[in-house]
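Some notes on the structure that comes next.
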Amino acid sequence: MSYIEPAPIKDKENPFESMMSRFHIASQALGLDDEIYEVLKSPTKQVTVNLPVTMDNGSIRVFEGHRVVHSNILGPSKGGVRYDMGVNIDEVKALAAWMTWKCAVVDIPYGGAKGGIKCNPREMSQGEIERLTRAYTQSMNEIFGPDRDIPAPDMGTGPNEMAWMMDEYSKSKGMTVNAVVTGKPLVLGGSLGRTEATGRGVMISALAAMEKTKMNPFEARCAIQGFGNVGSWAAKLLGERGVKIVAISDVSGAYYNDQGIDIAEAIEYRDKNNKSLEGLPGAEKIEGSELLLLDVDVLIPAAMEDVITKHNADKIKAKLIVEGANGPTSYKADSILHEKGIIAVPDILANAGGVTVSYFEWVQNRLGYKWTRERVNRRSDRIMKTAFNNVFETSKEYDVSLRIAAYIVAIKKVSQTYKYRGGF
Ligand code: NAD
């Protein structure tokens, strides 16, 4: 192997550089050919567009948008579209690669992609966002397609944007093509079970990891950072299976009760309290950063990236970390956790329940049929369990962490498929 060393990690650890470093390590463990390494490292296609949009006051503003298809080796590429002022092509490229590995780990027939528009949706009217979304979709007419590239929501986008994308794309084709995007409203062909899918996958991964480490869920104590879609669903579903949730948090702070927090009540409180846990009754308020260091068995970071770093990893007491968020653990923290014997179920496995049910949405759209919630849950649970076992066995076979094993599983699958398909 004669790889070029990956770019040095700067002191402020960047989640995308972290991801590339792990890709590099897994490629080495796997003995991947240099040529295939180069193929998988670089995106297949990247497009940048400038979109003139008429604002409500009659002026015209030009927005920069991107779509990067990292890989379409396993099938049509899949990945969200982000509306945020921080969007830039390098980040979109890295997020697209991330999607390739995530889809491959759970063995769904998709490649990876990501898109983004540099804008601040909070400062725009509904009409302005709609016109921007339609302009972006038009400009991606040759990229998007149910058999080519399938967008989904990400930071700053949701069911409304997906409905406009589906409509604009359909108009250009002269027919309804609802399988071109996922994350649509239910009435437009969205899937039952999508809302809870990521949290549910986190629950399945956590229970599978507990089983392997002989941890009894009925005796386990758990802390969860972030009480949004992923965190609150993971808390609810784990709580229902006997796990004691002793701490939860959101931007307002962290809330602790040694005897356990009633999650159904906390969700009800948050929904009535302007989506905030501030003032949660029956729990002591503690510092947000303290939650990560509590004496618990299971820690679930489900808020944001880069929260477990070289600065706090040695103080973590949990035995098991299950990554609901994308990129919560930095590359430099990996070895510290490993030395302490802490097992981390990596993001590309633990939070892949979301993309799995997005895949089911696409399947249902193509069948012209709707599955029950039970069928969606049963099938996604099965996919998550199989993926966990596969990663676990790989970690034993190669004597590596679950994280590197997940990358090995993904890289192996994509590279083997590439070899069969062949290049030029
Ligand atoms: P969300 O916006 O619904 O919730 C985020 C939660 O994190 C909120 O409770 C917010 O208050 C909290 N939070 C933000 N900053 C915090 C901080 N500094 N400390 C503590 N809490 C903080 O988002 P989500 O959809 O639940 O996504 C959470 C994470 O999971 C993100 O990293 C996202 O990329 C990842 N993810 C989400 C999905 C999905 O299907 N929603 C799928 C895969 C990965």
- Reduced to Cα centres, the span from region 289-357 to region 161-197 in Å works out to 33
- Message: Considering only C-alpha atoms, what is the centroid distance from region 51-101 to region 391-413, in Å?
- Response: 30
- Query: If you take the square roots of the eigenvalues of the alpha-carbon gyration tensor of region 44-177 and sort them as a ≥ b ≥ c, do you get rounded (a/c under 1.5), prolate (a/b over b/c) or oblate?
  - Reply: prolate
- Task: Arrange the residues 56, 154 by how much accessible surface each exposes, largest first, with a 1.4 angstrom probe.
- Result: 56, 154
- Task: Could you calculate the FRET efficiency of residue 155 with residue 35 from 1/(1 + (r/R0)^6), where r is the beta carbon distance between them and R0 is 51 Å, rounded to 0.05?
- Result: 0.90
- Query: On the accessible surface of the chain, probed at 1.4 Å, how many percent belong to carbon and sulfur atoms?
  - Reply: 51
- Message: Not counting ligands, DNA or RNA, and with a 1.4 Å probe, what is residue 34's accessible surface area in Å² rounded to the nearest 10?
- Response: 50
- Message: Tell me whether region 184-327 comes out rounded, prolate or oblate; compute the Cα gyration tensor, take square roots of the eigenvalues as a ≥ b ≥ c, and use a/c under 1.5 as the rounded threshold.
- Response: rounded
- DSSP loop (so not H, G, I, E, B), at most 15 other Cβ within 10 Å: list which GluC sites (Glu not before Pro) in region 281-364 pass both filters. 287
- Calculate, in nm to one decimal, what residue 141 and residue 88 gain on full extension: separation in residues at 0.36 nm each, minus their alpha carbon distance. 17.0 nm
- Quote the relative contact order of region 200-255 in percent (integer), defining contacts as alpha-carbon pairs under 8 Å separated by 6+ residues. 38
- Query: Roughly how many nanometres apart are two label points built 7 Å out from the Cα toward the Cβ at residue 54 and residue 216?
  - Reply: 6.9
- What percent antiparallel are the DSSP beta bridges of the chain, to the nearest 5? 50
- Task: Work out, step by step, the length gained on full extension between residue 171 and residue 278: first 0.36 nm times the residue separation, then minus their alpha carbon distance; give nm to one decimal.
- Result: 34.0 nm
- Between residue 229 and residue 424, 0.36 nm times their residue separation minus their Cα-Cα distance comes to what? 65.8 nm
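Hey, what's the chain come to in accessible area per residue, 1.4 Å probe, Å²?
43
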- Note on the structure: Classified through the alpha carbon gyration tensor (a ≥ b ≥ c as square roots of its eigenvalues; rounded if a/c is under 1.5, else prolate when a/b is larger than b/c, else oblate), the chain comes out oblate
- Query: So how exposed is residue 392, as accessible area in Å² (1.4 Å probe, rounded to 10)?
  - Reply: 40
- One would report the antiparallel percent of DSSP beta bridges in region 44-177, rounded to the nearest 5, as 65
- Quick one: how many Å² of residue 85 are accessible to a 1.4 Å probe, rounded to 10? 100
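Longest segment of the chain with no trypsin sites (Lys or Arg not before Pro) in a DSSP loop having at most 10 other Cβ atoms within 10 Å?
215-424
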- Quick one: which of 45/275; 212/275; 317/385; 93/370; 272/317; 285/396 span more than 31 angstrom between C-alpha atoms? 45/275; 212/275; 93/370; 272/317; 285/396
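The values are calculated or read from the model by the stated rules, or taken from the named source; none is laboratory data. Computed from a predicted model, the values in this text were never measured in an experiment. So basically every Cβ, Gly included, is an ideal-geometry build from the backbone, and we count neighbours across all protein chains shown. Just so you know, the surface numbers come from the protein's heavy atoms only, side chains and all, with ligands and any DNA or RNA stripped out. Shrake-Rupley method; radii C 1.70, N 1.55, O 1.52, S 1.80 Å.
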